[in-house]
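Have a look at the structure below, then the notes.
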Amino acid sequence: MGDQSGGPGEGTVAKAANVLDLVADLDRPARFSELLARSTLPKATLYRLVQSLTATGLLQYDVDRQTYAPGLRLVRLAHAAWRQSALAPIARPFIDQLSDDVGETVHLAQLDGGQVLYVDKRNAKQPIEMFSQAGKVGPGYCTGVGKAMMAFLDGGALDQAVAQQAYYAHTANTLCSAEALRAELSDIREQGFAFDREEHEPGIICVAAPIRSERGRVLGGLSVTTATSRKSLDDLAGLAPRLQSTARGIADAAETWQFPTE
């Protein structure tokens, strides 16, 4: 997720949020020394923020193990965010049906700071190993679902998302520059769906479509993912109409739901 340390000029709230990111990214309780090693904040500043987060219940401290973990207050807030901001609850029956129909892995994602937040996943009938899991954050520029969402952002949001990409070459097929990504996004806008051509993981391909509101706002993205040993990109292109139909169904359902406005 990039530098979690907090940049110069950041306010206290932003720095505290970055500390929470540090704890969450470790996927296990963390000692203060581990957080200090991963942060560029001064030791005294980091300690003060950790103590404040603990006092407010956003972190919890294990006295015996001397470790910090997400607190119950944060868990409660996460559940509220899941109910009010995540597409997953309303999209569940749609992705269940899509997964049954195509027999491949289905991902539901939303865009978070130019990155892909996987909010739900249905495994294929014969699962394959891959990076994505619900709750994980992945790159936008080299995943089908990330490109599908970015392609339909408005000008300012698109510029910001393009600037936030790392452009690290995960494979020989990765788009490694803003210029190459913008050209790809232009093609995606024309055809209405995107591909991952083994750009993030060797042997893994997908077709993806945006989930857009009636006014065109990007609510999320949907993808069907498989392995090159099972299907080709042409096979996935044949699934695009079914994928787009499901995305429209989710978007229509979201119109009657209290989805947050920008």
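The values are calculated or read from the model by the stated rules, or taken from the named source; none is laboratory data. Keep in mind that what you see is a predicted model, and the values were worked out from it rather than measured. FYI the Cβ positions are ideal-geometry reconstructions off the backbone, even for glycines, and counts take in every protein chain you see.
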### Message
Under 8 Å between Cβ atoms, which residue pairs at least 6 apart in sequence (or on different chains) link something in segment 216-238 that is outside the structural domain of Arg189 (by TED's automatic domain parsing) and on the phi > 0 side of the Ramachandran plot with a partner that is surrounded by 14 or more Cβ atoms within 10 Å (Cβ to Cβ) and assigned to a strand (DSSP E or B)?
### Response
none
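Name the single residue, out of those in segment 122-142 being part of a strand (DSSP E or B) and closer than 19 Å to Glu198 by Cα, that is modelled with the highest pLDDT.
The qualifying residue modelled with the highest pLDDT is Gly138.
Kindly establish whether Gly146 is in a loop (DSSP other than H, G, I, E, B) and buried (at least 20 other Cβ atoms within 10 Å of the Cβ).
Details: in a loop (DSSP other than H, G, I, E, B): no; buried (at least 20 other Cβ atoms within 10 Å of the Cβ): yes.
When the stated conditions are applied, Gly146 does not pass them.
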### Message
For a quick check of your reading of the model, give me the residue pairs whose first member lies in segment 143-155 and is in the same structural domain as Leu185 (by TED's automatic domain parsing) and modelled with pLDDT of 95 or more, whose second is surrounded by 24 or more Cβ atoms within 10 Å (Cβ to Cβ) and of a type in the set (Asp, Glu), with beta-carbon atoms closer than 6 Å and at least 6 apart or on different chains.
### Response
Thr143/Asp196; Gly144/Asp196
### Message
Within segment 153-182, take every residue that is in a helix (DSSP H, G or I) and of a type in the set (D, E, K, R) and give me the one that is nearest to Gly114 (Cα to Cα).
### Response
Asp159
